[in-house]
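Enquirer: Got a structure for you, questions after.
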Amino acid sequence: MLPAVAQGAIGIQCRADDTRILKYLDVLNHPATKVAVDCERAFLASLDGNCRTPIAGQAKIVDGKLHFKGLISKPDGSDMIRVEKSGNPSDAVAIGLEAGEEIKTIAGPRFHEYQQAVEEVQSQTGWANLQS
């Protein structure tokens with residue numbers, strides 16, 4: 001089972017010009033995790049996903065190569081599309097974007113059905129009302 005995109009990663013923001021704080025934060029950064037999260041988030045963005053969309057993805061660096069697995073599903077699990085990509089870690093964002101584009105190609109005109117299914121579940125459960 002694949003986790004949600006960037007599951008377990010912690011992000012810290014600061015001002016781009018705050019060199020003192022950036023120096024402290026640089027010590028906390030784990031480069032391999034950042035590469036993986038960049039890939040996963042690019043995948044999510046390419047599918048216009050959010051925290052309520054059944055999209056999963058996991059990137060890992062193994063033996064110097066980035067491996068990504070991703071999927072999109074209807075909320076009830078009745079239909080899933082899976083993809084796998086690998087490449088150079090320096091191409092993490094491109095790998096994530098390519099994986100998302102592959103999902104769209106496989107789904108073809110059915111791609112909108114996935115978002116539609118999410119919206120139906122949200123309206124049936126009252127989730128959309130909780131967001132207001």
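The values are calculated or read from the model by the stated rules, or taken from the named source; none is laboratory data. Computed from a prediction, not measured in an experiment: that's the story for all the values here. Methodologically, a virtual Cβ is constructed for each residue, glycine included, from the backbone with ideal geometry; neighbour enumeration extends over all protein chains shown.
Enquirer: Under 7 Å between Cβ atoms, which residue pairs at least 6 apart in sequence (or on different chains) link something in region 106-132 that is over 19 Å from residue 45 (Cα atoms) with a partner that is modelled with pLDDT of 75 or more?
Expert: Between residues of region 106-132 that are over 19 Å from residue 45 (Cα atoms) and residues that are modelled with pLDDT of 75 or more, the close pairs are 121/75.
Enquirer: Going by what's in this entry, would residue 34 be described as outside any loop (DSSP other than H, G, I, E, B), without any contact (Cβ under 8 Å) to a residue 60 or more places away in the chain, out of contact with any His (no Cβ under 7 Å at 6 or more places or on another chain) and crowded, with 18+ Cβ neighbours inside 10 Å?
Expert: no
Enquirer: In addition: Does residue 41 qualify as being farther than 16 Å from residue 88 by Cα and in a loop (DSSP other than H, G, I, E, B)?
Expert: So residue 41 fails the test.
Enquirer: Looking only at region 11-31, which residues are polar (S, T, N, Q) and outside any helix (DSSP H, G or I)?
Expert: Once the filter is applied, which keeps residues that are polar (S, T, N, Q) and outside any helix (DSSP H, G or I), region 11-31 yields 13, 29.
Enquirer: Restricting to region 48-95, count the residues that are closer than 22 Å to residue 109 by Cα, of a type in the set (S, T, N, Q) and surrounded by 17 or more Cβ atoms within 10 Å (Cβ to Cβ).
Expert: The qualifying residues number 2.
Enquirer: Now for a different question. For residue 74, only one of the following conditions fails: (1) touching a helix residue (DSSP H, G or I) at 6+ places or on another chain (Cβ under 6 Å); (2) free of Cβ contacts under 8 Å to residues at least 40 places away in the same chain. What is its number?
Expert: (2)
Enquirer: Name the residue that is modelled with the highest pLDDT, counting only residues in region 44-63 that are assigned to a strand (DSSP E or B), among the β-branched types (Val, Ile, Thr) and under 18 Å from the mean Cα position of the chain (by Cα).
Expert: My answer is 61.
Enquirer: Let me ask something else about it. Pairs, please: C-beta under 6 Å, at least 6 apart or cross-chain, first residue under 14 Å from residue 97 (Cβ atoms) and in region 47-64, second acidic (Asp, Glu)?
Expert: 57/40; 59/40
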